[in-house]
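Below is one structure, written out as structure tokens; the observations come after it.
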Amino acid sequence: MNAPTLRFSIAGPERVRLGEAVPIDLALTNTGATPILVNGRFVVDEDDALDGTFEVSFAVTDPHGAPVGFLADVDGFDPSEADLVLLAPGAAHAGRVRLDRYFMLSEPGEHRLTATYRNTLALERDGRSALVGTCVADPITLEVSG
């Protein structure tokens, strides 16, 4: 982000079976000393989507290190004022997405997931501007079994 006060993190199950739901927990945490306004919507799309109406993208690699393709067709729309969240110092905003709705994990073995949160829109609420920029979460691994 523009200021080093926002941390983005992801967490998920260590193991899943082929075809199971894959819930991924997302969190934005204010690590600074002052409140910050964030776009807390967590809409997922491809990293190279051109419209900027999403907040989260994933990069997933299969057990051989090859990228796993993005499957969904996401129709983006601008966030509203209701999507903005004011985070006090130390506070977090959490959400959950299902990775299996966007990627097919069809091969057993260890998959690597990285995620990026981005807000590119100049949004405001109550005289505050939402933080604009990008945060990358630490990668996680997911063991897929047959």
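The values are calculated or read from the model by the stated rules, or taken from the named source; none is laboratory data. Since the structure is predicted, the reported quantities are computational estimates derived from the model, not experimental observations. Positions of Cβ are backbone-derived with ideal geometry, glycine not excepted, and every protein chain shown enters the neighbour counts.
Look at segment 110-139 and say how many of its residues are assigned to a loop (DSSP other than H, G, I, E, B) and either crowded, with 19+ Cβ neighbours inside 10 Å or touching a helix residue (DSSP H, G or I) at 6+ places or on another chain (Cβ under 6 Å) (or both).
Going through segment 110-139 one residue at a time, the tally reaches 3.
Can you confirm whether Ala66 is over 17 Å from the mean Cα position of the chain (by Cα) and at pLDDT 95 or above? Yes; evaluated as a whole, the condition is true for this residue. For segment 51-109, how many residues are without any contact (Cβ under 8 Å) to a residue 40 or more places away in the chain, farther than 24 Å from Gly12 by Cα and not in a loop (DSSP other than H, G, I, E, B)? Residues meeting the conditions: 1. Comparison of Asp51, Asp47 shows that the only residue that is surrounded by fewer than 16 Cβ atoms within 10 Å (Cβ to Cβ), under 20 Å from Ala137 (Cβ atoms) and at pLDDT below 85 is Asp47. Of all residues in segment 9-30, none that is without any contact (Cβ under 8 Å) to a residue 24 or more places away in the chain has its Cβ atom under 9 Å from the Cβ atom of a residue that is buried (at least 19 other Cβ atoms within 10 Å of the Cβ) and β-branched (Val, Ile, Thr), 6 or more apart or on another chain. Which residues, taken from segment 76-103, are of a type in the set (D, E, K, R) and surrounded by 15 or more Cβ atoms within 10 Å (Cβ to Cβ)? Residues satisfying the conditions are Asp83, Asp100. Gly12 - would you say it is in contact with a helix residue (DSSP H, G or I) (Cβ under 9 Å, 6 or more places away or on another chain) and under 16 Å from Ala91 (Cβ atoms)? So Gly12 fails the test. When the residues of segment 13-42 are narrowed to those that are in a strand (DSSP E or B) and among the charged types (D, E, K, R), which ends up farthest from Ala115 (Cα to Cα)? Filtering first and then ranking leaves Arg17.
Please work out if Asp73 is more than 14 Å from the chain's Cα centre (by Cα) and either of a type in the set (S, T, N, Q) or surrounded by 12 or more Cβ atoms within 10 Å (Cβ to Cβ) (or both). Considered against the rule, which asks whether it is more than 14 Å from the chain's Cα centre (by Cα) and either of a type in the set (S, T, N, Q) or surrounded by 12 or more Cβ atoms within 10 Å (Cβ to Cβ) (or both), Asp73 comes out as no.
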